[in-house]
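Working notes, beginning with the structure itself.
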Amino acid sequence: MHAALIESVVKILIKADFNVADLAETKPRCFDVVARKDNTVLIIKVLYNVDSLKPEAADEMKKLAKILEASPLVVGERFKFDFLERGVVYTRYSLPVINLATFYDFILEGIPPYIFSAPGGYYVKLDSEKIREAREKLGISIGEMAKLLGVSRRTIKKYEEGTDTSLSIAAKIEEVLGTFAIKQIDLLNFTKVNFEEECEAEFEGREGEILDQLRVIGLSVYPVRQAPFDAVSRVEKLDQEQILTGVRQVREIEKRARLLGRISEALETKAAYITDKDCKKKVDSVVFVLKEELYSVSTPKDFISLLKEKSSEN
C-alpha cells in the first residue's frame, strides 16, 4: 500500500508538470518524494498510516524545508484508527497532513483545503476583514450579530480579529451575512521553522574533515542525516546558490550519487560528491571532487568555478 501510494503521488505531480524524484531505493529517509515547478518546491513524506511518522524524521523534513526554501507535506490515508477526510488538513509534529484525494485536489485541480482538524473536531479560519465589511454593509451592529449567532459581543469581536471557529459557527456566519467568510489553508506556508543557522557538524573522521574544509572555504554547511545527500552547502553571496553535497565514503558511491543526481535535477540545483579517491564512473548531474582539491580552493566563488570546470570535463 505504501509503494502504491508513493506511485500515485508521483503520477499526480508529473501530470501537474512538476519535476519529480522519488527515494524508493534508499533507507532511512525523512522524505519520499521531492518535486519542483517554477518556484514551488515540495518535500513529501508518504505514509499509509501517518502515526508511523517519527519525530526525528519530521524535524529533519522541517530543517530541509527551511534550507531549500521548500514546503514540507505528509500524504497518508489513516491517522490513528480513522481514515483521513477529503478536504481536511491534519497536523503531525507541526507538519500538514492530507490524504491522497486532498493532494489531488490541491495539486491538479488547484482546490485548496479550508478545514483543519484539531482537538475537539473540525475548524476553519475566518476571513475577519470580509466578515466586518459584510456586517457593516448590512447595517448589523456587533450586538445584533451576537444575538443572531447566539454568542457574546466579545466573541464577535474575536471573529473580526481572525479567531478560528467551528464549522457550524462558520455556517451560521455565512447564513447571516450572505457571504463566504472562510479562508483557505495555505499548505505551501503551513509550517514555520526556526532553527540555528549555524549547524554543528554531525560527521566525524574523514567526512567531518570535508565539511569543515567547506566551511573554511566560506560555504555555509547544513548537515542532514536521513537523505541521499549528507549536507546542503550554500553560497550566501552568490544568489543563495545551493549544492546538494555527498561526503560519505561508502562502497557504492556511484549508486548513491545517481540518486543524488536525480534529486538535484528535480530541484534544479547543483550536486557534488567529495571523495578520497577518483571514481571511475561518471554520474549525470553530479560533480565528483577529490578531497585534496578542496585545499586548493580559497573562496566560495572559486569552489563554484571548480564545479563548473569539472562538470564541463564530464
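Readers should treat all values here as calculations from the given coordinates under stated rules, not as data from a laboratory. Computed from a predicted model, the values in this text were never measured in an experiment. Here Cβ is always computed from backbone atoms with ideal geometry, including for glycine, and neighbour counts include all displayed protein chains.
Give me the tail of P(r) for segment 131-174 as a percent: Cα-Cα pairs with distance above 14 Å.
On the way: 402 of 946 pairs.
Counting pairs separated by more than 14 Å, the tail of P(r) holds 42 percent.
Distance between the pseudo-spin-label points of SER94 and GLU175 (7 Å out from Cα toward the beta carbon): 3.9 nm.
Neighbours of ALA146, meaning other residues whose beta-carbon lies under 10 angstrom from its beta-carbon, give a summed charge of +3 when Lys and Arg score +1 and Asp and Glu score -1. Hydrodynamic estimate: the Kirkwood radius of segment 1-70 over Cα pairs, inserted into Stokes-Einstein at 10 °C and 1.306 mPa s, corresponds to D of 126 µm²/s. One decimal place: the segment TYR295-TYR122 gains 56.6 nm when fully extended, by the rule 0.36 nm per residue minus the C-alpha distance. Site pair GLU252 and SER305 shows an inter-label distance of 3.9 nm when each label is modelled 7 Å from Cα along Cα→Cβ.
Of the residues TYR123, TYR273, the one with the fewest other Cβ atoms within 10 Å heads the list, and the complete ranking is TYR123, TYR273. Each Cα pair under 8 Å and six or more residues apart adds its sequence gap; the mean of these over the residue count of the chain is a relative contact order of 13 percent.
How long is the gain from LEU188 to LYS137 if the chain were fully straight, where each residue apart is worth 0.36 nm and the alpha carbon distance is subtracted? Walk me through the numbers before you get to the answer.
Values: separation 51, 0.36 × 51 = 18.36 nm, distance 3.32 nm.
That pair, LEU188 and LYS137, stretches by 15.0 nm at full extension.
Based on the alpha-carbon set only, what is the convex hull volume of the chain divided per residue, in Å³? Please list the in-between numbers first.
Values: hull volume 48.5 nm³, N = 314.
Roughly 155 Å³ of hull volume per residue.
Stretching ARG154 away from ASP82 to a fully extended chain increases their span by 22.4 nm, per 0.36 nm per residue minus the current alpha-carbon distance.
Taking SER141, SER71, SER264 in turn, the Gaussian network model of the chain (Cα-Cα springs below 10 Å) assigns the largest fluctuation to SER141.
When the dipole is taken about the Cα centre of the chain, and only Lys, Arg (+1) and Asp, Glu (-1) are charged at their Cβ, what size is it in debye, to the nearest 20? Walk me through the numbers on the way to the answer.
On the way: 48 positive and 52 negative charges, 134 e Å.
Using Cβ point charges on Lys, Arg, Asp and Glu, the chain gives about 640 debye.
With +1 assigned to the C-beta of every Lys and Arg and -1 to the C-beta of every Asp and Glu, and no other charges, what is the dipole magnitude of segment 2-113 about the Cα centre in debye, to the nearest 20? Intermediate values should be presented prior to the final figure.
Working: 15 positive and 16 negative charges, 41 e Å.
Using only the charged Cβ atoms, the result is roughly 200 debye.
Test of understanding: in a Gaussian network model of the chain with alpha carbons linked when under 10 Å, which of GLU160, GLU60, GLU77 would top the mean-square fluctuation ranking? Among GLU160, GLU60, GLU77, the largest GNM mean-square fluctuation belongs to GLU160.
Restricting attention to the chain, close to 65% of DSSP beta bridges with both partner residues there are antiparallel. Springs between Cα atoms under 10 Å define the GNM used for the chain, and in it the highest mean-square fluctuation of VAL224, VAL151, VAL289 occurs at VAL151. Amide H contacts for ILE43 (H built 1.01 Å from N in the peptide plane; partners 5 or more residues away or on another chain; cut-off under 5 Å): SER71, LEU73. In terms of overall dimensions, segment 219-314 has a Cα radius of gyration and Dmax of 12.3, 35 angstrom.
Under the convention that each Lys and Arg Cβ holds +1 and each Asp and Glu Cβ holds -1, the size of the dipole of segment 61-211 around its Cα centre is about 980 debye. For segment 273-311 versus segment 24-80, the spacing of their alpha-carbon centroids is 29 Å.
With a Förster radius of 22 Å applied to the beta-carbon distance between ALA101 and THR26, the computed FRET efficiency rounds to 0.20.
A straight Cα-to-Cα reach below 20 Å connects LYS277 with the lysines LYS255, LYS291, LYS308, LYS310, residues fewer than 8 places away in its own chain not being considered.
Contact order for segment 2-113, expressed relative to its length and based on alpha carbon pairs under 8 Å spaced 6+ residues apart, stands at 23 percent.
Rounded to the nearest Hz, the phi-derived 3J(HN,Hα) couplings of segment 177-191 under the Karplus curve 6.51 cos²θ - 1.76 cosθ + 1.60 (θ = phi - 60°) are 8, x, 9, 6, 10, 10, 8, 6, 8, 7, 5, 6, 10, 6, 9, where x marks glycine and proline.
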